[in-house]
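A quick write-up on the structure given underneath.
The values are calculated or read from the model by the stated rules, or taken from the named source; none is laboratory data. Here the structure is a predicted model, which means the values were calculated and not measured. When we count neighbours, we look across all protein chains shown, and the Cβ atoms used for this are built from the backbone with ideal geometry, even at glycine. Side chains included, ligands, DNA and RNA excluded: accessible areas come from the protein's heavy atoms. Shrake-Rupley method; radii C 1.70, N 1.55, O 1.52, S 1.80 Å.
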Amino acid sequence: MSNREWPLWEVFIRSKQGLNHKHVGSLRAPDATLALENARDVYTRRSEGISIWVVESNYVHASDPSDADSMFEPSDTKVYRHPTFYEVPEGIKHM
Amino acid sequence: MKTMDLQELEKRFQEKIDKEIKIEPNDWMPDEYRKTLIRQISQHAHSEIVGMLPEGNWITRAPNLRRKAVLLAKVQDEAGHGLYLYSSVETLGADREATIDDLHSGKAKYSSIFNYPAVTWADIGTIGWLVDGAAIMNQVALCRCSYGPYARGMVKICKEESFHQRQGFESLVTLCNGTPTQKAMAQDAMNRFWWPALMMFGPSDDESPNSAQSMKWKIKRFSNDELRQSFVDATVPQAEILGLTIPDPNLKWNEETGHYDFSPINWDEFWQVVNGNGPCNKERIEARTKAKEEGMWVREAAMAYAEKRALKKTA
Ligand SMILES: [Fe+2]
Ligand SMILES: [Fe+2]
Ligand SMILES: [Fe+2]
């Protein structure tokens, strides 16, 4: 019996026109064609999507969760990136 | 990773759990948490897959086209559930095929309910109603599991499960409003499936030693006995609507507790079945092993074809 497994694929689905593709899970398939077909059967049995992307999991590079603090801290401290940071005189409209 | 001692890591892990922050695949987690999840999720996956066998057996014998289409869709869903769960077990670093081989060697368990045969058409309705009903009770609680991929899988599964229980109940309504023979067939199915369905929630709280840790890690939110009680409370009125008798002389409403009382469960039978001596254990494992062994050439051929095409592309 062969011990070689089919590669792992990550599945992304666009639920309807105008929305972005969203990660829904993964599956195993020998190639992209079958990965797409299997994704259709496994993840869209109830009109969950109108478009599927599959990406071999090997090609996904992820940030390290243990670095999350230092990685995302700069954005947490820059409150002036948000409109609520600014005061505007009363009576100003459309801003 | 910064060097941090194990105790500190474990402390931070528990703090995340306590704050209801989900654990994701690459996050640090205690070995035991990982092991518990691998065991639980793979056994859940096996249950979905083995669970297709008793029902699959009736697809070609469904009484009409509507019931056949429904059963086919249900069984296909169960295959999907198995696949979501195997994927989620892989996110923990487990080898999918190794977990499947553990099932075939008898090392890994699956829900003991699937070791009972489905001998009449009424069994199919009863399985949908009671077995999927009990599974839903369990799975709804698991939607809030602390491990992200498992919780997300459960949400999707629960959405799909709701028709499983309804189609079973609907089929029983038809039988119970049918001829006396049909009604008797439904009662007979109820008599055989009631106790095994209650056993699906697992051993009593005082007999499940890992339960407390699983609750602390929020893998589990409710104890086996709590879920079993909720199931009984929800199901008794449904049986009354069907006009079926629950095979338990001690079943009665308890004003004081606000729950139904019921007889003690025959745990000897449960352990017999879990340990391989149920009516269909051997048959189920043989069917799964055969499917893997005899289907292996298809997997190999598909891989060989994919590699050949990839080579052509680069050439
Ligand atoms: Fe299922
Ligand atoms: Fe299930
Ligand atoms: Fe189901």
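Structural remarks
- Scanning segment B:275-300 for residues that are among the hydrophobic types (A, V, I, L, M, F, W, C) and either in contact with a Pro (Cβ under 9 Å, 6 or more places away or on another chain) or open to solvent by 60 Å² or more (accessible area, probe 1.4 Å) (or both) turns up B:Cys280, B:Trp297, B:Val298.
- When segment B:83-137 is limited to residues that are within 16 Å of ligand 1 (Cβ to nearest atom) and in contact with a Cys (Cβ under 8 Å, 6 or more places away or on another chain), the one that is farthest from the other protein chains (Cβ to nearest Cβ) turns out to be B:Phe114.
- Residue in segment A:3-18 that is nearest to the other protein chains (Cβ to nearest Cβ), counting only those that are open to solvent by less than 80 Å² (accessible area, probe 1.4 Å) and either farther than 18 Å from A:Val42 by Cα or out of contact with any strand residue (DSSP E or B) (no Cβ under 8 Å at 6 or more places or on another chain) (or both): A:Glu5
- Qualifying positions in segment A:38-55 - open to solvent by 60 Å² or more (accessible area, probe 1.4 Å) and assigned to a loop (DSSP other than H, G, I, E, B): A:Arg46, A:Ser47, A:Ile50
- Selection within segment B:157-167 - of a type in the set (D, E, K, R) and modelled with pLDDT of 95 or more: B:Arg166
- Tabulated pairs, segment B:126-139, first under 11 Å from B:Ala189 (Cβ atoms) and within 11 Å of ligand 3 (Cβ to nearest atom), second assigned to a helix (DSSP H, G or I) and of a type in the set (Asp, Glu), C-beta under 7 angstrom, 6+ apart or interchain: B:Ile127/B:Glu55
- Test: residue in segment B:230-243 that is away from chain A (no Cβ under 14 Å), assigned to a helix (DSSP H, G or I), in contact (Cβ under 8 Å) with a residue 40 or more places away in the chain and of a type in the set (Ser, Thr, Tyr): yes
- Total residues in segment A:45-86, condition out of contact with any Leu (no Cβ under 9 Å at 6 or more places or on another chain), at the interface with chain B (Cβ under 10 Å from one of its Cβ atoms) and under 19 Å from A:Arg14 (Cα atoms): 3
- Qualifying residue in segment B:22-42 (condition: open to solvent by 60 Å² or more (accessible area, probe 1.4 Å), within 16 Å of ligand 1 (Cβ to nearest atom), closer than 23 Å to A:Asp41 by Cα and of a type outside the set (Val, Ile, Thr)): no
- Within segment B:266-315, tally of residues that are of a type in the set (A, V, I, L, M, F, W, C) and more than 11 Å from chain A (Cβ to nearest Cβ): 11
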